[in-house]
Amino acid sequence: MEERHIPALTLDTETPAAPAPQAAPPETGTPAPRLDDSMLSEAEKQQVADFVQKIDLRDSGLILQYGAAAQKNVAGFSQDALASVRNKDMGEVGKALSQLVVELKGFGREEEKKGLFGRAKKSGGRLELMKAQYSKVETNVDQISRQLEQHKVTLMKDAAMLDRMYELNLQYYKELTMYILAGQKKLEQVRSGELAALREKAQQTGAQEDAQAYNDLGQMCERFEKKLHDLELTRIISIQMAPQTRLLQNNDTLMVEKIQSSLMNTIPLWKSQMVLVLGLEHSRQATAAQNAVTEMTNQLLRQNADMLRIGTVETARESQRGIVDIETLQHTNQQLIATLDEVMTIQQESAQKRRDAEAELGRIEGELKQKLLELRG
């Protein structure tokens with residue numbers, strides 16, 4: 001199996017670093033907590049052992065810059081992670097998904113409108129309105145889909161970038177560990193060897209320069225111990241960045257899956273369902289038209305049946321009647337008898353009048369003759 005990259009330890013002091021924050025110096029002779037080097041490979045352990053020999057605690061510049069490169073890498077890593085989170089507007093993704101839900105819910109729920117749309121619905125334009133609404137919603141959904149696709153690509157790039165950042169953080173963590181291990185070994189060697197020898201010499205000679213040399217080296221050891229403590233704090237930050245990086249990466253991955261599900265499942269399913277809705281509306285209209293034809297046919301059949309019944313009954317009734325109704329004959333006979341009675345009465349009255357007239361005429365004639373006789377006499 002290929003061996004992992006071994007961090008290179010360096011005493012480069014070209015890059016300036018801010019002074020480490022001053023902390024209360026530990027008691028002289030109190031050793032700092034030792035790290036477990038079991039996580040290191042044999043090659044890395046050997047590099048730590050070789051690097052110990054290069055550390056000079058009398059060099060104040062070295063103490064100031066010790067591990068500064070690794071600290072700078074961790075600081076830069078944290079800044080990059082922060083920038084990644086700051087530049088990622090996940091609210092836009094949520095807004096796009098929410099807008100997608102609104103568009104999908106809004107289809108088919110257009111409220112009744114007055115004016116032209118209202119008249120169109122009343123005149124049977126419901127299907128046309130549905131098609132127009134579908135076209136509008138589809139346009140909006142396609143636009144949202146393009147936005148989601150762009151967000152998905154960005155999130156996938158971020159996930160890959162976070163994966164690389166995770167690997168870099170592991171490398172920085174290993175590098176810090178090796179600096180701390182080398183520093184602790186060097187500090188232990190100096191305190192147990194050179195510093196102890198200077199103390200013994202100062203005690204034996206009582207010379208001021210020997211006491212100052214012992215004190216100077218002790219102060220350098222304390223400063224170096226503080227520096228190792230700062231590296232420990234940076235190492236803890238690196239440890240914390242590992243799960244934080246994975247959490248960010250997991251969030252990006254989950255969002256990518258959500259967007260992918262919307263693009264591959266939700267939107268195609270919605271479009272297929274809308275096709276079914278439009279197809280059902282076509283069928284509904286065809287069924288309504290067929291129902292209207294059926295109703296008209298039934299109405300015509302009922303009307304024709306009623307007319308046929310009436311016509312047939314009337315025809316049958318007329319066919320069974322005689323040429324002249326008996327009632328008519330009875331009426332005619334009664335009128336005829338009455339007429340004959342009246343004619344006979346008139347004739348009788350006329351005969352009586354004629355007899356009366358003849359008698360009157362005879363009387364008149366007799367009177368006239370009498371009068372003529374009287375004139376001649």
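The values are calculated or read from the model by the stated rules, or taken from the named source; none is laboratory data. This is a predicted model, so every value here is computed, not measured. Backbone-built Cβ (ideal geometry, glycine too); neighbour counts: all protein chains shown. Calculation scope for accessible area: heavy atoms of the full protein, side chains included, ligands and nucleic acids excluded. Shrake-Rupley method; radii C 1.70, N 1.55, O 1.52, S 1.80 Å.
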Margin query: Given the options Ser238, Ser262, name the one that is within 19 Å of Val153 (Cα to Cα) and either in a helix (DSSP H, G or I) or modelled with pLDDT under 80 (or both).
Written below: Ser262
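Okay, residues lined up against (1) under 30 Å from Ser41 (Cα atoms); (2) modelled with pLDDT under 75; (3) outside any helix (DSSP H, G or I):
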residue	(1), (2), (3)
Gln133	no, yes, no
Tyr172	yes, no, no
Ala182	yes, no, no
Leu187	yes, no, no
Glu200	no, no, no
Gln219	no, no, no
Next item on the list: Among what's in the range 196-231 and is in contact with a helix residue (DSSP H, G or I) (Cβ under 8 Å, 6 or more places away or on another chain) and open to solvent by 80 Å² or more (accessible area, probe 1.4 Å), pick the residue that is nearest to Tyr179 (Cα to Cα).
Entry: Arg223
Next item on the list: Examine the range 312-325 for a residue that is of a type in the set (Val, Ile, Thr) and exposed (fewer than 10 other Cβ atoms within 10 Å of the Cβ), and state whether such a residue exists.
Entry: yes
Item checked: Search result, residues across the range 148-183 that are open to solvent by less than 10 Å² (accessible area, probe 1.4 Å) and within 27 Å of the chain's Cα centre (by Cα) -> Leu148, Leu155
Margin query: Residues that are open to solvent by less than 50 Å² (accessible area, probe 1.4 Å) and among the hydrophobic types (A, V, I, L, M, F, W, C): does the range 238-246 have at least one?
Written below: yes
Check: When the range 241-258 is examined, which residues are found to be modelled with pLDDT of 80 or more and among the β-branched types (Val, Ile, Thr)?
Finding: Thr253, Val256
Notebook entry, point to check: Restricting the first residue to the range 178-198 and requiring it to be free of Cβ contacts under 8 Å to residues at least 24 places away in the same chain, which pairs with a second residue that is aliphatic (A, V, I, L, M) meet a Cβ separation below 7 Å and a spacing of at least six or different chains?
Noted result: Glu194/Leu217; Leu198/Ala213; Leu198/Leu217
